[in-house]
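Working notes, structure below.
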Amino acid sequence: MKVLAFVALLGVPAAATAAQTQRAIAPSESRAADATAEAYEQYLLSQRLDAARDRDGAIAALKRAMTLDPTSAELPAALADLYLDLDKSVEATAAAEQALKIDASNRDAHRVLGTLYAAAATDSKGAREARQGYLKDAISHLEQAAAERPGLQADANLRAMLARLHILNSDYDKAIPLLTELVRQEEGWQDGPGLLVDAYVSAGRTADAIAWLQQAAPDNPALYSTLADLFGREQRYDDALGVTAAFNLNLLARINRELDGNFDVKKFQHSAIYNDELGRIEIHLVSREPQVVHIRAIELEARFEKGETIRTENSYKFDPDQLAGIARDAGFSLGKTWFDRSHLFSFNLFVAQENR
């Protein structure tokens, strides 16, 4: 009743008062909507200019958009991404931090900062303590950039970068599930299986590494050598021999699959012979009985007698003196040699000779 009495005293109908209020607000709202629309136009312009390699024009357009719509975190994040592509780390950092002040959960800004800190963390010229700090910052930002959201999964390259940083930080329990998922999804990623196995082994989970390799190797035969190596480390020599044989026999299965061959794999057996005179291990597949094989893709017929072999590999072995001689003949000197604990294998650093 008090409200009605107040309106009556003013002599203005309630409906007319509401309409006046609406008309008073409308121009301000309209200006804000126009500014947002113009900001979006400037953003689209920046995308077109960037595609045309007019980077200065793209940057200018984004800055105009940011002025028109200072509440948008996406605009400074886009600017940070552009600066990152131009290798302007200072500008990229400032723009990404500006985006996070507006929206602390902006994934693109976290990705830019994580990428920048990751580069600093892996720069060997930096101080160790500083690199460790950059590493933690990189992981923090990339974890937020890669955080799963309904219907949205982070880019594979971003997750791979995060996994590598977890390994660098000796946080293998975080790296392993990331790598497991990535290796499953990205079949063509050549570094993935090796990183996953290294993470398992470094975490003291060699048995898990072996189990994963046993499951994965049939579909990726290149992993058989890694599996054999792990069996050797665990002194499971019978298992290692079996893996080497399976890897060798898989060549016949591959010929059948890719060249339309008709090898009966069971009619061949693996053989490895050390040739002391030539200093090499000779790997063979030995025919168990007389047989005829056809490889239709290359129109080849091959006849085998019992005991006849297919040589599949020569694996040469060199001692340090032989390596030094080979290096010298090629214009290098043997700078340093590192051995495994049993002195069975070595890594060698060769240095180019200045005056050959």
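The values are calculated or read from the model by the stated rules, or taken from the named source; none is laboratory data. Just so we're clear, the structure is a prediction, and the values are computed from it rather than from any experiment. Cβ sites come from the backbone with ideal geometry, for glycine too, and all protein chains shown count toward neighbours.
Does Glu301 count as in contact (Cβ under 8 Å) with a residue 60 or more places away in the chain and either of a type outside the set (Val, Ile, Thr) or in the same structural domain as Asp229 (by TED's automatic domain parsing) (or both)? Lay out the reasoning, then the answer.
Numbers: in contact (Cβ under 8 Å) with a residue 60 or more places away in the chain: no; either of a type outside the set (Val, Ile, Thr) or in the same structural domain as Asp229 (by TED's automatic domain parsing) (or both): yes.
In short, no.
Restricting Val12, Val7 to those that are modelled with pLDDT under 90, part of a loop (DSSP other than H, G, I, E, B) and not basic (Lys, Arg) reduces the list to Val12.
Within region 175-187, identify whether any single residue is in a loop (DSSP other than H, G, I, E, B) and under 20 Å from the mean Cα position of the chain (by Cα), and answer yes or no. Steps first, please.
Quick first cut of region 175-187, residues in a loop (DSSP other than H, G, I, E, B) only: 186-187.
Filter again for under 20 Å from the mean Cα position of the chain (by Cα), leaving 186-187.
The answer is yes, given that some residue of region 175-187 is in a loop (DSSP other than H, G, I, E, B) and under 20 Å from the mean Cα position of the chain (by Cα).
The strands (runs of 3 or more DSSP E) falling completely within region 270-356 that include 1 or more residues that are touching a helix residue (DSSP H, G or I) at 6+ places or on another chain (Cβ under 7 Å) and closer than 30 Å to Gly232 by Cβ map to 280-287, 309-316, 332-339, 346-352.
Applying the condition of being surrounded by fewer than 17 Cβ atoms within 10 Å (Cβ to Cβ) and among the hydrophobic types (A, V, I, L, M, F, W, C) to region 52-83 and asking which residue is farthest from the chain's Cα centre (by Cα) yields Ala60.
Looking only at residues that are surrounded by 12 or more Cβ atoms within 10 Å (Cβ to Cβ) and of a type outside the set (Gly, Ala, Ser) in region 320-338, which one is nearest to Gly279 (Cα to Cα)? Filtering region 320-338 for residues that are surrounded by 12 or more Cβ atoms within 10 Å (Cβ to Cβ) and of a type outside the set (Gly, Ala, Ser), the one nearest to Gly279 (Cα to Cα) comes out as Gln322. Here Leu86 clears all of (1) in contact (Cβ under 8 Å) with a residue 24 or more places away in the chain; (2) surrounded by fewer than 16 Cβ atoms within 10 Å (Cβ to Cβ); (3) farther than 20 Å from Met161 by Cβ except the condition numbered (3). For region 230-249, the candidate set comprises residues that are touching a helix residue (DSSP H, G or I) at 6+ places or on another chain (Cβ under 8 Å) and acidic (Asp, Glu); within that set, the residue that is modelled with the highest pLDDT is Glu234.
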